[in-house]
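J.: Got a structure for you, questions after.
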Amino acid sequence: MKFTILIVYALILFLIGIYSYLKIKTPFDYFLAGKKTGVWQVSGSLLATILGGSAILGTIGLAESQSWASAWYILAASLGLLGLLPIVRKVYAKGKFTLPELIGQYYGESARKVTSLIIPVAWLGIVAAQIIAGAQILVSFFTMSYSSGVILTGIVFIVYTYIGGQVSVMKTDLFQSFFILGGVILTAFMIPAKQLPPLPLFTSVFPFNAHFAPFDLFILILTFSSTFVVGPDIYSRVFCAKDSKTAFRSVLVVALILIPFGFVLSYVGIYAATLHQGAQNSSSLVNLATAYLPEWATGVLVASLISAVLSTASTTLLTTSMILSELFHKDINNQRSFKQTKLFLIVVGILSMLISLKVTSIVSSLLLALSFYSGAFIIPMVAALFGLPYSKRFSIAAMLSGGILALTGKLMMTFNHLEMGQYVLISGFILNAILLFVPWDLKTKNNEIRSSLSSS
């Protein structure tokens with residue numbers, strides 16, 4: 001039954017991919033699905049992108065030590081989307097294809113090119129995190145080697161994205177989002193809670209406990225929530241909406257869905273960790289499913305996890321490839337950029353597979369990449385989109401220094417220098433802000449003030 005469900009699921013995806021390939025007439029269709037998608041499709045795609053295999057397995061893995069507080073991993077994403085709401089209409093109106101293009105409008109052509117180079121480097125870790133998650137799922141359910149799981153996962157999502165582009169991604173993401181939500185919720189309902197030891201008292205471990213302190217939440221919001229306010233994959237969904245109202249409603253719908261779902265994931269994760277302590281994220285979930293779920297429900301869970309991986313991997317892979325194309329063409333809506341994007345798609349996919357063979361921790365791969373990205377781009381983009389007074393003079397230096405310091409801090413935290421690493425990470429954001437907001441050229445600043453006063 002488990003294999004039957006997966007075969008049917010794969011067949012549906014294959015047919016949608018072929019249908020999408022036939023619908024693509026122009027590069028604009030491939031990059032933005034013709035900018036015709038409504039609330040349901042944008043919401044489904046946004047939800048499927050956020051709830052990638054790394055998010056689901058990462059939350060379940062954190063539940064072993066953090067208990068109910070592990071829900072903050074998904075709640076932080078919801079907070080980020082709520083922070084995006086005030087500016088989502090502006091993002092939609094200003095942007096066209098990618099985030100670097102938007103950055104170029106505020107900080108100039110040099111900043112656009114630097115961003116188009118930096119983001120793909122950081123986003124290799126995001127794509128790799130999905131491959132790691134996919135490989136762990138395949139290893140746990142189908143008894144294959146980890147390297148075989150990496151190769152199979154990588155090939156499937158590279159081919160799938162290469163063929164259908166944004167058209168297939170948007171069409172299948174709605175379908176996949178139902179699979180993701182349904183699979184996890186079904187697992188939660190079928191756990192025989194009355195036959196198992198009681199869960200920890202909610203108020204004793206949430207919002208904080210010995211393994212998750214208020215400062216940990218601050219770091220999570222700084223480096224994770226912020227990437228949903230300003231994020232290439234999130235903006236790629238927004239740009240596909242047919243109008244700004246659709247973009248706003250889609251972001252709001254997904255932000256609200258994530259709140260209860262975060263606690264459902266923690267619930268499943270706590271039981272998985274209680275029964276199988278010390279197991280890998282995927283193994284603990286597989287053991288839970290094998291012990292308490294019928295075979296058909298296990299098949300649904302496997303399909304939902306693979307859906308989660310495929311959705312996020314496809315979105316991040318396509319977005320990264322489009323951004324790389326912008327290094328060579330400011331406007332990628334042409335046949336030459338279209339061909340380059342497809343070439344980059346293969347290259348980025350292969351590089352991510354190589355990273356996945358060396359780095360096997362989902363959360364580490366994900367948070368290292370997000371730390372660099374958030375340290376570099378969150379403050380500059382928030383300043384621009386919220387209309388704060390900033391200086392362009394050191395904008396590139398602000399992005400580079402902020403990203404490098406934030407990544408250094410996260411690496412130090414990963415290698416057991418927790419307190420010092422946290423301070424180094426925060427210093428990246430502080431230096432970024434200083435370089436952007438301090439009026440280094442006082443003469444120019446005074447002239448701007450006089451000009452403003454005279455015009456008023």
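J.: Being farther than 30 Å from residue 265 by Cα, out of contact with any helix residue (DSSP H, G or I) (no Cβ under 9 Å at 6 or more places or on another chain) and open to solvent by 10 Å² or more (accessible area, probe 1.4 Å) is true for just one of 101, 109. Which residue is that? Before the answer, list the steps.
T.: Values: 101 fails: out of contact with any helix residue (DSSP H, G or I) (no Cβ under 9 Å at 6 or more places or on another chain).
Within the list 101, 109, the selection yields 109.
J.: Here is a further query. Can you pull out every residue in region 153-184 that is within 20 Å of residue 304 (Cβ to Cβ) and surrounded by fewer than 16 Cβ atoms within 10 Å (Cβ to Cβ)?
T.: Passing the criteria: 178, 182.
J.: Follow-up question, since we're still on this one. Give the residue that is most open to solvent (accessible area, probe 1.4 Å), with candidates limited to residues of region 368-389 that are closer than 13 Å to residue 427 by Cα and not aliphatic (A, V, I, L, M).
T.: The extreme case among them is 372.
J.: Right, here's the next one. Here are the criteria: (1) within 18 Å of the chain's Cα centre (by Cα); (2) closer than 30 Å to residue 392 by Cβ. Tell me which single one residue 50 does not satisfy.
T.: Going through (1) within 18 Å of the chain's Cα centre (by Cα); (2) closer than 30 Å to residue 392 by Cβ one by one, residue 50 breaks only (2).
J.: Now for a separate question. Just for helices (runs of 4 or more DSSP H) wholly inside region 70-163: which have at least 2 residues that are among the hydroxyl-bearing types (Ser, Thr, Tyr), over 21 Å from the mean Cα position of the chain (by Cα) and more than 30 Å from residue 203 (Cβ to Cβ)?
T.: Working: elements: 72-84, 88-94, 99-107, 109-142.
Result: 99-107, 109-142.
J.: Okay, next question. Quick check, is residue 67 open to solvent by 10 Å² or more (accessible area, probe 1.4 Å), on the phi > 0 side of the Ramachandran plot, in a helix (DSSP H, G or I) and of a type outside the set (Lys, Arg)? It would help to see each step written out before you state the result.
T.: Working: open to solvent by 10 Å² or more (accessible area, probe 1.4 Å): yes; on the phi > 0 side of the Ramachandran plot: yes; in a helix (DSSP H, G or I): yes; of a type outside the set (Lys, Arg): yes.
Criteria met by residue 67.
J.: Would you be able to tell me the number of residues in region 312-342 that are without any contact (Cβ under 8 Å) to a residue 12 or more places away in the chain and part of a helix (DSSP H, G or I)?
T.: Total meeting the criteria: 2.
J.: Another question, then. Return the only residue of 145, 116 being farther than 27 Å from residue 38 by Cβ, out of contact with any helix residue (DSSP H, G or I) (no Cβ under 6 Å at 6 or more places or on another chain) and polar (S, T, N, Q).
T.: Values: 116 fails: out of contact with any helix residue (DSSP H, G or I) (no Cβ under 6 Å at 6 or more places or on another chain).
Just one listed residue meets the conditions, 145.
J.: Looking only at helices (runs of 4 or more DSSP H) that fall completely inside region 176-241, which ones have 3 or more residues that are hydrophobic (A, V, I, L, M, F, W, C)?
T.: Working: elements: 202-205, 214-220, 226-229, 232-240.
Hits in region 176-241: 214-220, 232-240.
J.: Follow-up. If a residue has to be over 30 Å from residue 316 (Cα atoms) and hydroxyl-bearing (Ser, Thr, Tyr) to count, how many in region 167-204 make the cut?
T.: So in region 167-204, the residues over 30 Å from residue 316 (Cα atoms) come out as 189-204.
Then drop every residue that is not hydroxyl-bearing (Ser, Thr, Tyr), which leaves 203-204.
The total comes to 2.
J.: Is it the case, given these coordinates, that residue 150 is more than 24 Å from residue 30 (Cα to Cα) and surrounded by 22 or more Cβ atoms within 10 Å (Cβ to Cβ)?
T.: Yes, satisfied.
J.: Now a separate question. Condition test on residue 226, is it of a type in the set (Ser, Thr, Tyr), open to solvent by 10 Å² or more (accessible area, probe 1.4 Å) and under 27 Å from residue 371 (Cα atoms)? Walk me through it before giving the result.
T.: Numbers: of a type in the set (Ser, Thr, Tyr): yes; open to solvent by 10 Å² or more (accessible area, probe 1.4 Å): yes; under 27 Å from residue 371 (Cα atoms): yes.
In short, yes.
J.: Okay, next question. Considering each of 392, 358 in turn, give the residue that is open to solvent by 30 Å² or more (accessible area, probe 1.4 Å), modelled with pLDDT under 85 and not aliphatic (A, V, I, L, M). Explain how you work it out, then say what you get.
T.: Values: 392 fails: modelled with pLDDT under 85.
Exactly one residue qualifies, and that residue is 358.
J.: Please state which of the following conditions residue 63 fails to meet, knowing it meets all the rest: (1) over 21 Å from residue 323 (Cα atoms); (2) under 17 Å from the mean Cα position of the chain (by Cα); (3) of a type in the set (Gly, Ala, Ser).
T.: (2)
J.: Here's a follow-up. Take the residues in region 5-26 that are open to solvent by 70 Å² or more (accessible area, probe 1.4 Å) and free of Cβ contacts under 8 Å to residues at least 24 places away in the same chain, then tell me which one is farthest from residue 179 (Cα to Cα).
T.: As a first pass, look at region 5-26 and keep what is open to solvent by 70 Å² or more (accessible area, probe 1.4 Å): 7-8, 11, 14-15, 19, 21-23, 25.
Checking which are free of Cβ contacts under 8 Å to residues at least 24 places away in the same chain leaves us with 7-8, 11, 14-15, 22, 25.
Details: 7: 15, 8: 13, 11: 15, 14: 16, 15: 17, 22: 25, 25: 29 Å.
Restricting to residues being open to solvent by 70 Å² or more (accessible area, probe 1.4 Å) and free of Cβ contacts under 8 Å to residues at least 24 places away in the same chain, the top hit is 25.
J.: Something else: Would you check if there is a residue in region 403-415 being over 25 Å from residue 83 (Cα atoms), exposed (fewer than 15 other Cβ atoms within 10 Å of the Cβ), modelled with pLDDT under 90 and under 28 Å from the mean Cα position of the chain (by Cα)?
T.: Applying the first criterion (over 25 Å from residue 83 (Cα atoms)) to region 403-415 yields 408, 411-415.
When the remaining residues are screened for being exposed (fewer than 15 other Cβ atoms within 10 Å of the Cβ), the result is 415.
Checking which are modelled with pLDDT under 90 leaves us with 415.
If we keep only those that are under 28 Å from the mean Cα position of the chain (by Cα) as well, we get 415.
Within region 403-415 (the criterion being over 25 Å from residue 83 (Cα atoms), exposed (fewer than 15 other Cβ atoms within 10 Å of the Cβ), modelled with pLDDT under 90 and under 28 Å from the mean Cα position of the chain (by Cα)), the answer is yes, since at least one residue qualifies.
The values are calculated or read from the model by the stated rules, or taken from the named source; none is laboratory data. These figures come from a predicted structure and were not determined experimentally. Neighbour counts run over all protein chains shown; Cβ positions are idealised from the backbone, glycine included. Side chains included, ligands, DNA and RNA excluded: accessible areas come from the protein's heavy atoms. Shrake-Rupley method; radii C 1.70, N 1.55, O 1.52, S 1.80 Å.
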